[in-house]
Each structure stands twice: as C-alpha cells, then as structure tokens.
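The values are calculated or read from the model by the stated rules, or taken from the named source; none is laboratory data. Not measured: the values here are computed from a predicted model. Cβ atoms come from the backbone with ideal geometry, glycine included; neighbour counts cover every protein chain shown.
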Amino acid sequence: MSESLYEKLGIDPSKQSVRDIFLKLIDNEYQGAFVNIITDPFCENRVLTQHQDGDGSKFIQRMIHYMETGDEQVFAGMADDALSMNSGDIAASGFVFGPWIITDVLNLNLAPELKKIVMKAVAVRLLELREIYKEHNFNLKFLGGETADLPDQVKSGVFDIAITAWADKSDLVAGNIEAGDVIYGFASDGQAAWEEKPNSGIMSNGLTLARSCLMHKEYNKLYPSLKRDGEFYTGTHYFDSDCISASYGMTAGEALLSPTRQWAIVIKTLISILKEKNASSMLHGISMNTGGGATKISHVGSGGLIYVKNMPTPPPLFLLIQNESGETWQNMFRSFNCGIGIDVVGENNDIFREAIIETSRICNVGQYHLGGVVKGETESNQIWLSTPFGDFKY
C-alpha cells in the first residue's frame, strides 16, 4: 500500500508504531477488547481501565474561526471532542454502568485574555456535557486537572482528557468475535437526539490532512503562527463560505469543526436494550473508528479474523476532502471514518438486529448492515472493504 498523504504530513493513521514500541510495557488482560483492561486489585469481580486522548489539531481550526469572527463559543467544542474520544473508547469495551473519574490537561501558548476565554468555554461546555451524560444515567465525577503555559513547547493549545473507569466483569464487551458474526455500523453524520445541530461526521481524526487540503492557501500568510513551515494550506475554501451539503447547510469550516458524537450514549443504549432482552452475550465487539478509520476494527478480536464490510457512500465532507487532496480512496478509508463512527459486531440473529434498529431509532443515529466476519488463514486480523470506489484489503 502506498504512503498516504496523512503519513506524509507526519501522522501515523493506524498508530501501529506506537503499539509496537509499548507492546511489552502494557498490562492488558483482555487482548480482544477495544481498550486495555486489568482486574481491579481490590475486587476480583471488577475490572478497570484508563484512557487518555484529546481534540487533536482541531484547536488550530478553532483559532482560525475565532480570529476571523471573535466567536468565543468555538472553543466549547474542545470539550465535546476530548470527552468523546475517551468515553467512546472505554464504552466500546462495556464501561458504561460503573463510575468514571475524569481529569483534564490544557497546555497553552496564548495571550492571557484569550487563555481565559478558552478555559471558560471549555468549563461551561463540560458542565453541559456532564448534565447530558447524567440524563443518560452515567456515573461520572470530575476531579479537575492541570492548566500550563508552555510558550517554548506549544504554538497554540492542546486539550486532553483522561478517564479512569470501572465495570463488572459480567458487563465487559471483551472482543470475543467469531466467524459468522455480523457487523453493523452507526453513522457519524446526521443529528443525534441530543445534538443541537447536524454533524458532518468528521469526528476528531484526519484533521491535519483535512485542514491542509481544504483551507485556503491565503491562510498561510494570514496566520503563519497557526501552521508548520512551508505552504501547509493548499485549498480554495474559506471558513465561512462554500456550502458542502444542501442537506446540512454547512460551510467547509463549520464541517471541519463538527464535534465527535458522544458515542458512549449510543453504546450504552444498545447494551441496555440487550440486557433487557437477556441477550448481552450476543454483543461480541465494538470499534470506535478514530485512528485507523474504517480499518480500526482490526484491533478488536483475535485469532486471524477477516472483517468483510460493504461501505456506503461517504458523507459530503469526505468526498470533498478526497477530491481536493487527490488522496486515494484506499488511504481515505484508512485515515477517516468515512461516515461510520462505530462498528458493532455480534451474533447473526433477529434479536441482535432488532436491538441495533431500536438503538438507531432512540438515538436518531443512522445504522447500516455492513457485513460479517470470516476466519482467515493468518494470525493477524484483516479488513476487506467493498466501497463505491473499489475493493480494498488491509
């Protein structure tokens, strides 16, 4: 497979190099699960996990928006992205009923007044998100964190969140995936029941490439402190122009700032429905399609499985990114979720399918029957995608 444009920008879309480096250091008792999990040292019937992530390079796009408009609320989305990038990952392994302990780190290189604006926007939005999660019966506590001024290390800002969570062993989604299982996907675009406006589906991965190829090349001169050396921005789009979708009515800039959906709510809804049906064991694995995009599911399950997926046409933003960048579609599906935010794998029966459909209806999030799982001939998991743009193997 050829090197992707994302990799040429210095990003490892699959993060395989990170996994290889830290493999021997990590303690993980559930190799097929989506996150690393250990038994709670104080209770043999419980497990715990900890996850750290943030809103990535979206902060740069927020800065451009703020510099052009003075809109302070643009920084509130940092909370949505950073929280969901963590809560979605741990929920994918079943951490939805036990307590969560949340902390954050905000590293900045901003003028004092702008620093206050950013902190206030993040704090207010975290309060709102906490109430949304409480309405869905999550048990979460926020213990503060760290804010640091790092003018020698950071050009603008970096916002990360960490969540420590507990779950009963009986509630785990451990990645016990088998040949014959079916794969469903939930849409990353559209407007979920709790969302205030439509979502482009971008989530919080691939933003470096998306910003680079879409934002107008004039931004290289307008905001040199918000880019790396050279002509980083190569596009023709300004933040406030170029409606990319008649159905969503977004500009390119707005589409790039769509927040990562709070996937933990979708996942908890599904698991709760299956519990009510005494069918929890039918759910075998979940993948949140962040780093690695449509191929992320390869990290769930073990034993040389082949995930065969029939991908729908991506939402408008991904079509625009591919058209403007010239990236191959094989690499697009590896760098972006391309419209499918999470993959869900389980038994091939009516009960499981009906639970998927009911979750879609309750959450107002689209669902797709993507394909199924077959046994491979190697020890490594593989991904076979059938897309409107060709068939690809990973």
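Residues in segment 59-66 include at least one that is in contact with a Lys or Arg (Cβ under 7 Å, 6 or more places away or on another chain) and at pLDDT 80 or above.
The residue pairs whose first member lies in segment 339-364 and is more than 19 Å from Ala294 (Cβ to Cβ), whose second member is among the basic types (Lys, Arg), and whose beta carbons are closer than 8 Å, counting only pairs six or more residues apart or on different chains, are Ile351/Lys277; Ala355/Lys277. Within segment 292-332, the set of residues being among the small types (Gly, Ala, Ser), closer than 27 Å to Gly249 by Cα and either buried (at least 24 other Cβ atoms within 10 Å of the Cβ) or under 20 Å from the mean Cα position of the chain (by Cα) (or both) comprises Gly293, Ala294. Cβ-Cβ contacts under 6 Å between residues 6 or more apart (or on different chains), taken from a first residue in segment 269-288 that is at pLDDT 95 or above to a second residue that is small (Gly, Ala, Ser) and assigned to a strand (DSSP E or B), are listed as Met282/Gly346; Leu283/Gly346; His284/Gly346. Annotation note: of Val118, Val124, the sole residue that is of a type outside the set (Lys, Arg), over 21 Å from the mean Cα position of the chain (by Cα), part of a helix (DSSP H, G or I) and crowded, with 20+ Cβ neighbours inside 10 Å is Val118. Contact map, segment 317-338: residues that are touching a residue at least 12 places away in the same chain (Cβ under 8 Å) and more than 17 Å from Ser204 (Cα to Cα) paired with residues that are part of a helix (DSSP H, G or I) and among the polar types (S, T, N, Q), Cβ distance under 9 Å, separation 6+ or inter-chain. Pairs shown: Ser325/Ser212; Glu327/Ser335; Thr328/Gln322; Trp329/Gln322.
Residue-wise test of (1) over 21 Å from Ala165 (Cβ atoms); (2) of a type in the set (Asp, Glu).
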{"site": "Asp81", "(1), (2)": "no, yes"}
{"site": "Met85", "(1), (2)": "no, no"}
{"site": "Ser93", "(1), (2)": "no, no"}
{"site": "Lys115", "(1), (2)": "yes, no"}
{"site": "Val118", "(1), (2)": "yes, no"}
{"site": "Ala121", "(1), (2)": "yes, no"}
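Restricting segment 44-68 to residues that are aliphatic (A, V, I, L, M) and in a strand (DSSP E or B), the residue that is nearest to the chain's Cα centre (by Cα) is Leu48.
The condition (being buried (at least 21 other Cβ atoms within 10 Å of the Cβ), within 30 Å of Ile271 (Cα to Cα), touching a helix residue (DSSP H, G or I) at 6+ places or on another chain (Cβ under 6 Å) and charged (D, E, K, R)) is satisfied by just one residue among Asp55, Asp104: Asp55.
Looking at segment 348-387, which of its residues are in a loop (DSSP other than H, G, I, E, B), in contact with a Leu (Cβ under 7 Å, 6 or more places away or on another chain) and at pLDDT 95 or above?
Asn381
The single condition from (1) closer than 20 Å to Ser156 by Cβ; (2) surrounded by fewer than 16 Cβ atoms within 10 Å (Cβ to Cβ) that Ala210 fails is (2).
Mind listing just one residue for me: the one in segment 58-101 that is among the hydroxyl-bearing types (Ser, Thr, Tyr) and farther than 30 Å from Lys227 by Cβ and, of those, surrounded by the fewest Cβ atoms within 10 Å (Cβ to Cβ)? Break it down into steps so the answer makes sense when it comes.
Kept after step one, since they are among the hydroxyl-bearing types (Ser, Thr, Tyr), are these residues of segment 58-101: 66, 69, 84, 87, 93.
Filter once more, keeping what is farther than 30 Å from Lys227 by Cβ: 87, 93.
On the way: Ser87: 31, Ser93: 29.
Residue satisfying both the conditions and the ranking: Ser93.
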